[in-house]
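Report on the following structure.
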Amino acid sequence: MRFTGKTCIVTGAGSGIGRATALQMAVEGGRLVAADLRLESAQATVDQIHSAGGEGLAVACDVGDSTHVQAVVAAAVKAYGSVDVIVNDAAMMTFTPIVEIAEADFFKVIATNLGSVFLFAKYGVPHMNDGGAIVNISSVHAHRTTQNVVPYAASKGAIEAFTRGLSLELAARKIRVNAVAPGAVDTPMLWNNPNVKSGAEKITGAVGRPEDLAAAICFIASSDAAFVNGATLLVDGGRLAQL
Ligand SMILES: NC(=O)c1ccc[n+]([C@@H]2O[C@H](COP(=O)([O-])OP(=O)(O)OC[C@H]3O[C@@H](n4cnc5c(N)ncnc54)[C@H](O)[C@@H]3O)[C@@H](O)[C@H]2O)c1
């Protein structure tokens, strides 16, 4: 029960890795604030938490929007008093070459994937208890990538740099900041990816389950990982080890 008495905000909690993480944290005693663009999906996650005897609430949120992020933090503080864990999981991809992509679409990816990590730090950290943890979800695309996903790959690379830098700023309060970089995981995001559908991005080797990622994220967010800070944990079934 590593999250007993702890308030955990998880974005993208309505599907895939975010949902599996929210469910696991709740099973281990966490009070979940499940944030998602689609309120009904976040609510479905919270309904599952309640059915299992856990505690949580759902909040509609576009993580790239400052007022929405502030509202999520306010909802967490109103319900539970403070925040212990923030998992920045929600993200989006585009599949357009850089010279063709609309400026607005490029900046939307950056705002959703990277801006959200900044906003939850800026507005969440002042309400976090000392000893808390932030886990930012990166991707193998921060390290190796395919054509036409530059905004996504760049945002994920920046998340890892942001994670290192923020870990230094929060060390005095013993708030650890780490990233988890998933490989291919069996979620809608993987199978809806046009590059995966066309074979341009080959899914060779292991495909992880959302629960595999949840296990790693819960480890990093818990006191089991008390000496892990500023790090990126690659959780890809060995995909990047392959030449
Ligand atoms: N599935 C994979 O193979 C894979 C690989 C590497 C990294 N990742 C990363 O894992 C994370 C979770 O991905 P997933 O595969 O579970 O995806 P998913 O599509 O199953 O879930 C993503 C969730 O985020 C929500 N969301 C999207 N945009 C949002 C926004 N602006 N505000 C709030 N919520 C929003 C969606 O509604 C959805 O519920 C992402 O950061 C993704 O980049 C996934």
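All of the numbers you see were taken from the coordinates with simple rules; none came from a lab. Every value quoted in this text rests on a predicted model; they were computed, and no experiment measured them. All Cβ positions, even for glycine, are placed from backbone atoms using ideal geometry, and neighbour counts span all protein chains on display.
Things worth noting here:
- The fewest-to-most ranking of GLU103, GLU40, GLU201, GLU211 by surrounding Cβ atoms within 10 Å reads GLU103, GLU40, GLU211, GLU201.
- For the chain, the relative contact order works out to 19 percent when only alpha carbon pairs closer than 8 Å and six or more residues apart are counted.
- Most positive-pole-ward Cα, VAL59, HIS143, ALA13, against dipole of the chain from beta carbon charges: HIS143
- Bins of 5 Å from zero: percent of alpha-carbon pairs in region 1-132: 2, 12, 21, 23, 18, 11, 6, 4, 2, 1, 0
- Lysine pairs within the chain, Cα separation less than 22 Å, 8 or more sequence positions apart or different chains: 10
- Here the relative contact order of region 83-222, from alpha carbon pairs under 8 Å that lie six or more residues apart, stands at 27 percent.
- Note on the chain: with charges restricted to the Cβ of Lys and Arg (+1) and Asp and Glu (-1), its dipole about the Cα centre is near 380 debye.
- Calculation over all alpha carbon pairs of the chain in 5 angstrom steps from 0 returns a P(r) of 1, 7, 15, 20, 21, 17, 11, 6, 2, 0, 0 percent.
- Among ASN192, VAL99, GLY29 the positive-end extreme of the charge dipole of region 7-235 (Cβ point charges): VAL99
- Building the convex hull from the alpha-carbon atoms of region 12-77 and averaging its projection over directions returns 3.8 nm².
- Restricting region 75-183 to trypsin sites (Lys or Arg not before Pro) that sit in a DSSP loop and have at most 16 other Cβ atoms within 10 Å of their own Cβ leaves ARG144, LYS174.
- Mean ellipticity per residue at 222 nm, deg cm²/dmol - from DSSP H runs of n ≥ 4 across the chain, formula -39500 (n - 2.57): -12500 deg cm²/dmol
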